[in-house]
Structures are given as C-alpha cells and as structure tokens.
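J.: Take a look at this one; I'll ask things after.
The values are calculated or read from the model by the stated rules, or taken from the named source; none is laboratory data. Here the structure is a predicted model, which is why all the values come from computation and not from measurement. Cβ placement follows ideal geometry from the backbone for every residue including glycine, while neighbour counts extend to all protein chains displayed. Heads up: the accessible areas ignore ligands, DNA and RNA and are worked out on the full protein's heavy atoms, side chains in. Shrake-Rupley method; radii C 1.70, N 1.55, O 1.52, S 1.80 Å.
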Number of protein chains: 2
Amino acid sequence: MKPTLPKGTRDFSSQQVIKREYIFSIIKRVFKQYGYAPIETPAMEALQTLMGKYGEEGDKLLFKVLNNGDFLKKADQQAIQDGNSDKAAPSLSKRGLRYDLTVPFARYVVMHQNDLQFPFKRYQIQPVWRADRPQKGRYQEFYQCDADVIGSGALIYEAEFLQIFDQVFEQLNLSVNVRYNHRQILLGVAEYAGIADQFVDMTVCLDKRDKIGDQGVLQELSYRGISDAAAQKVIDVVSMEDAAAFAELIKTTEAGSKGYEEIERIHQFLNEYQPTNTFTLDPTLARGLSYYTGCIFEVESLETQMGSIAAGGRYADLTSLFGMPNMSGVGISFGAERIFDVMETLERFPESLSTTLDAIILPMDDTALVHGFSLASALRKAGKHVDVYPKPAKMQKQMKYANARQIPHVIIIGTEEVASGMYTLKNMLTGEQQKTSAADLHSSI
Amino acid sequence: MKPTLPKGTRDFSSQQVIKREYIFSIIKRVFKQYGYAPIETPAMEALQTLMGKYGEEGDKLLFKVLNNGDFLKKADQQAIQDGNSDKAAPSLSKRGLRYDLTVPFARYVVMHQNDLQFPFKRYQIQPVWRADRPQKGRYQEFYQCDADVIGSGALIYEAEFLQIFDQVFEQLNLSVNVRYNHRQILLGVAEYAGIADQFVDMTVCLDKRDKIGDQGVLQELSYRGISDAAAQKVIDVVSMEDAAAFAELIKTTEAGSKGYEEIERIHQFLNEYQPTNTFTLDPTLARGLSYYTGCIFEVESLETQMGSIAAGGRYADLTSLFGMPNMSGVGISFGAERIFDVMETLERFPESLSTTLDAIILPMDDTALVHGFSLASALRKAGKHVDVYPKPAKMQKQMKYANARQIPHVIIIGTEEVASGMYTLKNMLTGEQQKTSAADLHSSI
C-alpha cells in the first residue's frame, strides 16, 4: 500500500516546523508583553456550537465527525432514504472540527465566565479545518493566531493592537502598512449617500474595491438594489483625495461624527509612539465580516504582494450567540500561512534556523564511538546541541551525513584522539580544521 | 442556547496552557540537544492509513470524518439499509483523525524517504484523538510527545534515550525509576519455559503482572493455552531475586544470550554517565505493544503512584506497513497528561508560571490613562510584560482586578504622578509601596 495524504493537508518538515515556530514565538512574545495569556480549546466542538455561525456557505465547509459505535441506529432514516445529505448529516454527526478560533473563544468566555477576569485578554494559536476546495496556498488545515480582549469598550485596546501589529512585524523584519478605519465612518458614508439601511451591502461591495475597482463596485451596488445616484455618491466620496475634507464631510453625519471621535481618541493614545511601520487611516477600508461594529484593521506587506497578512476589529456582541449579551470586544488575527510565504519570498528567516545542532561527533572506530558518546554527554550537559554518528563508518559517509543535515561543526575522533584527548574540530562552513581539547570545544562550537 | 463541549474534550485555561507548555518546552529542549528535530503531520489522515493498524478495538476507536458535499450519493446503500454501521462507515468517510503519532510517523518516513537523512531523528508533539469512553484522566483528545530515530540498529540510541529520560525528569524536578529490558531476554524466558511459539501471549500476560500478581498471570497463561508446568516455570524464573543467577540461566538460551549481549553494549555506553534518576534492568518488564523487538523502556514516578509516565522501545519493522521494510528504529513517548498530574500533585511547577505579567498600570484619571499608555509602551520596549487598566475606575476595583490576575506589581498613576514623573509602585506580595521614577521602574519590576 502506497501511503497518501488527504487532499488539502500537509506534512511539515523539520525546517518548516522550525520556521513556523519562529513566527509563532515572536507573535506570542509580543502578545504576552501586552498581557494576553494563552488558552486552548478542543479540535472537536459540538456541531451545534458551530452550525449557523459562518453563514450557509460556512455550514457546508464544516468538517463533521461521524458518530461512533452503531451510528446508523440513531440516523434520520427518512433523510437517508431521500438521499438528502444535508438533512441526514446532523443525525450522523454531533461533533465538528473547529472552523475558526472566534466562535470557540466566544463559547469559552460564556462557559467559563465565572472564572475569568474582565476585561479578559487571551491569545490562541491552533489549527482550524475547512472543507474548502484545495488550491495553491489554500489548505483544509491551517493555523490561526488570534488575540482578543473582551468585556471592555475602552479604546486603549485599539491603540494597543496597532502597536502589536507594528512590533510583531518589526521583530519579523517585515515592512508593512497597517490600515485602519471605523465602521461608524463607513456608516457615515452610507448616511451621506442616503443608504444607511443598506450599510452591510455597501461594506461588502467596498471591501472588494481593491480587486474589482470603482466600476466593479458601482455594478455590484446596483446589483444589490442601490440606486445609481447613491452608488455614485458613495464612490465620489470614498475617492476624495483630501482626507481633511473627507473627514469634515462625513463628520456632518451622526455615525461619522462618532467614528471620528473614536479614531481621534485612539490617536491620542498613540501621540508619543513612534511606529517602525506605517499606520494609515483608510476611510475606504471595509472588511467583509459583518460582526465588526467599531474600529477595523488590515495589514499588508509593503515589500511583496500577498493581500492581507493580519487583520481584526471591534465587535459589540460576539458572546450573545451563546446567551451573554453586551460584551464588547476587539481582536486581531495574524495570517501565519501568508506571513510564512512572505518571509520565504523575502528570505527573512534567520540563517541560524537552518540547523538545531552545534556539532556532530564522527567516530573512526568502536573505542572512539564509546568515547564520543561520553564527550557528547559532557557537551550536552554544558547546554550544547550535539549528535554522534552511530557507528564507525567510512569518513566520507559520515561527512556526507553531517553535510546533508547542515551541521556547522564536526568533531572527528580516532584512536589517537582518544589517547591524547585532543580532537579534530572541523568548521563545515569554512573548511577550517584544528586540534581542540574537550575543554576548548565548549567555546568553539 | 447554552454552550457545551463534546464529552471527553477539554478547554485549557491560561494557567493550564502555561504549565503544559512548561513540560513540553523541557522535553523539546532535551530532544533538540540530542539532535532530534520536529516534524508535524496533519490531524486528518486517509482512513486507509489508519485502519487495521491498531487492532480491531483500535479501528472502533478511530474518529472518522464524514465526507463533505453530497456524501450519501457514494454511500454503500446496501450496508445502510442493513443497518450495518461498520460496513457503511468507509463509504461515508475517507478521512480519520490521527490515533497516535507512530503510524503517521511511519507514513511520513515512507512518503518523504528521498528527502530524509538516515538515521532520521525526529520528535513530534501533537494531539491525538480516540473515541474511548471518557473517564477520570482519560480524554478523547490528548497530546503525545514522541521521539524516534529510524534507519539504524545502533545501540547508541538506546543509551541516548536512557539519558533523555534521566535529563527530562531531572529538569522537571521529578524523581523516577527508568526500567528497561530486552524482548530477546523475554524470549529467552519463553525458550527456557519451552513456549517460544507462544511468546506474544506470554508477554501480554507478564505485562499485567504489576496489576494482577503472579496468580493472575498463571491464570491468564493457562487461559491462553499454556500448560501449567510451563506457566509455573515462567513465574519461577521471573521471580528469581538473584539478577546474576537469572542472567546466567537465560543466557543459556539463544535469544537470551543475544538480549544480554545488547544490554551489555548499552551499559558500555553509559559506563561513565552518572544518572540523577535510577536505571533498573527489569527482566520482567514486558510492554503490551507487539511491534517491539529489542530494548524496551518504562518510566515510573518514585514519588507518587501514577503508572507509567514515559515508555518506548525498539522496533524492527515499522515502515513495512507502508512498503518500506528493514528500517530498524527506536522511539520513546512521554505521557504529558500524566506528567502534568504528577507535577500538580507534587507541586513541582515553578511559582513563576502563575503570571505572565510583571506589572499593571492603574490610572486615577484620564490624563493618567494616556500617560500610562506611553509608560507601558516604554516598559514593553525594554522587554517587560505590562498591562494597563483600561479606564480610570475606582482604586478598589482596579486593585481587585490586579489581584485576581496575580500580577506581582501595580504602578499607580494620578495627576501628581504625571506631573512629578514619580510613580507609586506597590509590590502585591509584600504590600510594600514606594515612589519610583520611570528609569528605576525597569529594574524594580
């Protein structure tokens, strides 16, 4: 039997795991500095926790886990006989794989509300699963890296998240533009155009503006039943190049005025902060997700085209899904898969990640092998990462192995070295070779 | 809707995640020092990769993922009509959740054999899923922590793993007994008792000896068709208290002689090593898993009763399941869940894990809040972990929040502090309070 992997899933080699962990470790470090603490939720959630939370399309993309045991006994026989898979599914499956980290987070907060301190700051880095059609860069299993604070409407958190974006990408050695906006500014645009009641339609169309252009947006707005005059008014106002004039105009609306007030409050916090990356207030930034109610964020690389590599926003009502209303929150998510691709493209992973070993001991004979084992023990005790070639094979074979594993130093031991206690240390990068005592090895590798 | 979790699954609070990561980080650090590099495999494997690998019982405990889309269309209608769930399952599901890390590892090695350097040393720390009946300490989702080396029969790796056990538990501050044995020594016992052809039956029975005692083993052996005389011979020989006499006796068998030869080679490597924990050659140690062919390991806490908290052994033929024969390997696994319980019971987690924050800034008014935000930025830039209470609430309320989050220091800022640049720093453990400048804060928290 020739083994395969399910489509849309991947193995990660050591090199990939180490690079991915490098990204995660920087994100985690910054999250922790801002008081975010980790939680973890199980891969499987009750199917009813997930169903209906991601729209009709989302329900279809949920991976459902077949009930164990004699699952046909409790199945919906009628639906099965009718060949109605959608109707039969809930009777065959009561568990689903997590589709994102947001819904499990909301469930977590509701279930553990009596044990949590609010505002509750948590981060979560775990895989999610979606039955999307696999294609280049899109997988059925991928990681999400989220941080959220819930239980406070304070705008200090929006300011913190802007800093977090700035610092994570600074530490990853990537240059980005952090765009932000406020849903109330967008609502102001809708009010100004007289289509406040079609606000969601407008944001969904505007969200595609980067891809489909102004003409595309006009067509989509029209398709969604917005008059040509109102649609043109939307495009005209979001195309204004003078930011101050735009602000003056939108502030005349009730929502716009509130939006700008909050944005100015956020600016007040950041007054003294010198970002490494750019922060851009972009009044046309829309974000597709309908649950955002306040400030929204989107981050793009300035060095390569990759779309959004991080994003987020404020929501008023996430936990009301599970019966806990009025919990304002704000959260962000780093797109680890895309960040990985950007880092690879721009070659920003540190060289030092290419091996986890400092040296390997190459024994010429059996006595040297046993001696080398003890030498390795001593070096490891001193904190070094050391391997031993497991048997006295030909030098060429051993060197080839060391090379293939990209180990920076080899320590060659034969009869003479065992007798004298002076080992042959070779730097695999420079080719330089020298005799070194056990004591000096600690500092040389 | 009141949210719930599927039975047998758990949320992990921040405290639990931090403690679990502490255990993982020590295990990883030691693995890396010995040249083991991480890999990761997807949660979902092709069902045919998993089926038949864990026995009949295992097949039943596999979580199967329902096919997406119109899954009934390709379903085995006859099996469904017959109400035959076992027969219908493979037609409804082509993916399963990983049941352990060993089978995915074997699949990985076979699929990536051309990209790997042999001997290939990998570690893997990921969750696995089993539809076991949930009970205290047994979950349907739990982590495994495995390290394996494959592609070499060299006994240096057995010696390394004994060291790895010793060092991991030393660094976790746990005292353990590492028992080891050799399957050929056990086979020697079977040969001596004249039941070499019932070797697997014998090991399965002996593996339960700790639980069921000698009488229980005798009964089970008899139940499995082994004569009373042979069964008694097995018990007599494994009950011998004189290890040297036992060895002499078993070395008279062909297998026993080979087993002791290998054990002596392992001892030769460890001759100079001073373990912190105890290593015990236990000729009655059996291990239930039938794929072990050489040295086997089992680790128990010496401080509390918890059963085996780590284990492993050598196998001759893991990848032959997937058409790649003759790849000898040896691997070990740490039982992270049980180790967690032992650490909790014995209170061995460091105090420092109880919070990730160094300090929280408590603002008395709005000016102090904005000022506090900048102060927090500066402290974070210097590497500190700092939070800010998000609005100028009553002191009592803010202090309660700081207390509940177990934050060791609070920095109180009011109008006076903003004007003077001297902040009130309170140590929450000692209650001590002092005025401190921004510059001094860095060293005080």
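J.: Take the alpha carbon gyration tensor of the stretch B:1-155, find the square roots of its eigenvalues, order them as a ≥ b ≥ c, and report rounded if a/c is under 1.5; if not, report prolate when a/b exceeds b/c, else oblate.
T.: Cα axes put the stretch B:1-155 in the oblate bin.
J.: Output the direction-averaged projected area (hull surface divided by four) of the convex hull of the alpha-carbon atoms of the stretch B:318-357, in nm².
T.: Value for the stretch B:318-357: 5.3 nm².
J.: Okay, moving on. Counting C-alpha atoms alone, how compact is chain B: give Rg to one decimal and Dmax as a whole number, in angstrom.
T.: 28.4, 93
J.: Find which of B:LEU72, B:ALA131, B:PHE118 sits farthest along the positive direction of the dipole of the stretch B:56-136, computed with +1 on the beta-carbon of Lys and Arg, -1 on that of Asp and Glu, about the Cα centre.
T.: Ranked along the dipole, the leading option is B:PHE118.
J.: So, one more: How many nm separate the modelled label positions at A:SER420 and B:SER374, each set 7 Å beyond the Cα in the direction of the Cβ?
T.: Simple spin-label model gives 6.5 nm for this pair.
J.: Shifting gears a bit: Taking a point 7 angstrom from the Cα of A:GLU57 along the C-beta vector, which residues in the stretch A:270-288 have backbone N less than 12 Å away?
T.: Counting backbone N atoms under 12 Å from the label point, the list is A:288.
J.: While we're here: Evaluate the relative contact order of chain B (contact order divided by residue number), counting alpha-carbon pairs under 8 angstrom at least 6 apart; express in whole percent.
T.: Over chain B, the number comes to 14 percent.
J.: Then there is this: List residues of the stretch B:20-45, by number, whose backbone nitrogen lies under 16 Å from a label position 7 Å along Cα→C-beta of B:ASN173.
T.: Correct set: B:20-27.
J.: Taking the simple approach of a point 7 Å from Cα along Cα-to-Cβ for both A:ASP365 and A:LYS394, what is their distance in nm?
T.: Computed distance between label sites A:ASP365 and A:LYS394 equals 2.0 nm.
J.: Let me ask something additional. How far is helix A:14-33 tilted off the main Cα axis of chain A, in degrees rounded to 10, range 0 to 90?
T.: 60
J.: Are there trypsin sites (Lys or Arg not before Pro) in the stretch B:78-148 that DSSP puts in a loop and that have at most 12 other Cβ atoms within 10 Å, and which ones?
T.: In loop regions of the stretch B:78-148 (DSSP not H, G, I, E or B), the sparsely surrounded trypsin sites (Lys or Arg not before Pro) are B:LYS136.
J.: Let me ask something else about it. Roughly how far apart, in whole Å, are the Cα centres of the stretch B:276-293 and the stretch B:81-110?
T.: For the stretch B:276-293 versus the stretch B:81-110, the Cα centre distance is 31 Å.
J.: Using Cα atoms only, what is the angle between the long axis of helix B:228-238 and the major principal axis of chain B, expressed in degrees (0 to 90) to the nearest 10?
T.: The angle comes out near 50 degrees.
J.: Starting from the exponent 0.38 and prefactor 2.2 Å, build the expected Rg for the stretch B:276-382 from its residue count and divide its actual Cα Rg by it.
T.: In units of the globular-protein estimate, the stretch B:276-382 measures up at 1.94.
J.: Just reorder B:SER437, B:SER443 by solvent-accessible area, largest first, 1.4 Å probe, all chains present.
T.: Ranked from most to least accessible, the order is B:SER443, B:SER437.
J.: Using amide H atoms built in the peptide plane, which far-off residues or other-chain residues are under 5 Å from A:ASP358 H to H?
T.: Hits under the 5 Å cutoff: A:HIS385, A:VAL386.
J.: Here's another thing I want to ask about it. Given the options B:GLN198, B:GLN167, B:GLN215, which has the most mean-square fluctuation in a GNM of chain B, springs set between C-alpha atoms less than 10 angstrom apart?
T.: Result for chain B, Cα springs under 10 Å: B:GLN215 fluctuates most.
J.: In addition: Given points 7 Å out from each Cα along the Cα-Cβ axis, report the A:THR345 to B:ARG10 separation in nanometres with one decimal.
T.: The two pseudo-label positions are separated by 4.1 nm.
J.: Over the stretch A:327-445, what is the relative contact order in whole percent, taking alpha-carbon pairs under 8 Å and six or more residues apart?
T.: 25
J.: Let me ask you something else. Of A:LYS60/B:LYS2; A:LYS394/A:LYS426; A:LYS28/A:LYS121, which pairs sit farther than 19 Å apart, going by alpha carbon to alpha carbon?
T.: Checking Cα-Cα distances, A:LYS60/B:LYS2 exceed 19 Å.
J.: How crowded by other chains is A:5-18, given as the mean number of beta carbons from other chains within 10 Å of each beta carbon?
T.: Details: counts 11, 11, 3, 3, 7, 3, 9, 6, 9, 10, 3, 3, 7, 3.
Partner-chain Cβ atoms within 10 Å, mean over residues of A:5-18: 6.
J.: Identify all lysines with a Cα-Cα distance to A:LYS136 below 18 Å; exclude those on the same chain that are fewer than 8 residues away in sequence.
T.: A:LYS136 reaches A:LYS7.
J.: Still on this structure, I have one more. Among A:GLU298, A:GLU337, A:GLU248, whose mean-square fluctuation peaks in a Gaussian network model of chain A (Cα, cutoff 10 Å)?
T.: Answer for the Gaussian network model of chain A: A:GLU248.
J.: Taking Cα centroids, how far is the stretch A:158-217 from the stretch B:326-404 in Å?
T.: What the calculation gives is 32 Å, centre to centre.
J.: Further question: Per residue of B:65-76, what is the mean number of Cβ atoms on other protein chains within 10 angstrom of that residue's Cβ?
T.: On the way: counts 11, 15, 5, 12, 4, 4, 7, 12, 2, 0, 4, 0.
That works out to 6 on average.
J.: Continuing with the same structure: Length gain on complete extension for the stretch A:ARG265 to A:GLU248, per 0.36 nm per residue less the alpha carbon to alpha carbon distance?
T.: Gain on extension, A:ARG265 to A:GLU248, equals 4.4 nm.
J.: Cα centroid distance between the stretch A:233-266 and the stretch A:26-49, in Å?
T.: 35
J.: Between 0 and 90 degrees, rounded to the nearest ten: what's the tilt of helix A:183-192 against the longest Cα principal axis of chain A?
T.: 30
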